[in-house]
Amino acid sequence: MKLTTKIEALLYIKGKALSLAEIATSLQAETETIEEALIELMSDYAHRDSALEIVENNLGYSLQLKSAYETLLKDSIPAELGKGALRTLAAIAIKYPLLQTDLIEMRGSSAYQQVGELVELGFIRKRPQTDGRSYWLEVTDKFHQYFEIDKLAIS
């Protein structure tokens, strides 16, 4: 797997800006190597017809929707779900059942609030882990009905 692909996946999963050091630590690579791969990835996104882009700001690098597509996002996502909550829901739906501790490791501590919001909205449920202190997170029937998904392919 190419380093640029790993960086792209990491930025997508985390859903927030990551510093060079954070990316290097997560991918067990040298900072200089990460920086070169990020430049390559940013160039690749700049030259392809994509709704996404890699952006650098004072917090680090992030994968985000180009501003030209913001209106589409607002029209497509249910008003009660923000981008972070939607990404957290997607992670749970793809990996379910998923331990909350694993989700927090993937998405960061903001996922605690998003899990609470998703439980309150009825899109997921929490089941206590029988031999641990975490919770199993699962999508509900409401999730399937709301997003018109009959069945998720579980790998």
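The values are calculated or read from the model by the stated rules, or taken from the named source; none is laboratory data. Here the structure is a predicted model, which means the values were calculated and not measured. FYI the Cβ positions are ideal-geometry reconstructions off the backbone, even for glycines, and counts take in every protein chain you see. These area figures cover heavy atoms from the full protein model, side chains too; ligands, DNA and RNA do not enter into them. Shrake-Rupley method; radii C 1.70, N 1.55, O 1.52, S 1.80 Å.
Listed values, structure above:
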quantity	calculated
Pairwise label distance in nanometres, SER43 with ASN58, each label 7 Å out on the Cα-Cβ vector	3.0
The chain, accessible surface, carbon-and-sulfur percent (1.4 angstrom probe)	51
In order through the stretch 121-137: 3J(HN,Hα) via Karplus (6.51 cos²θ - 1.76 cosθ + 1.60), integer Hz, x for Gly, Pro	7, x, 7, 9, 10, 10, 10, x, 6, 5, 10, x, 9, 8, 10, 7, 10
For peptides 42-52, 19-29, sequence by mean Cβ density within 10 Å, most packed first	19-29, 42-52
Point-to-point label distance, SER110-ASP141, nm (Cα→Cβ direction, 7 Å offset)	3.3
Residues of the stretch 5-126: accessible area per residue with a 1.4 Å probe, Å²	57
Relative contact order of the chain, pairs being alpha-carbon contacts under 8 Å that are 6 or more residues apart, as %	18
FRET efficiency, 1/(1 + (r/R0)^6) with R0 22 Å, evaluated for THR101 and ASP131 via beta carbons	0.95
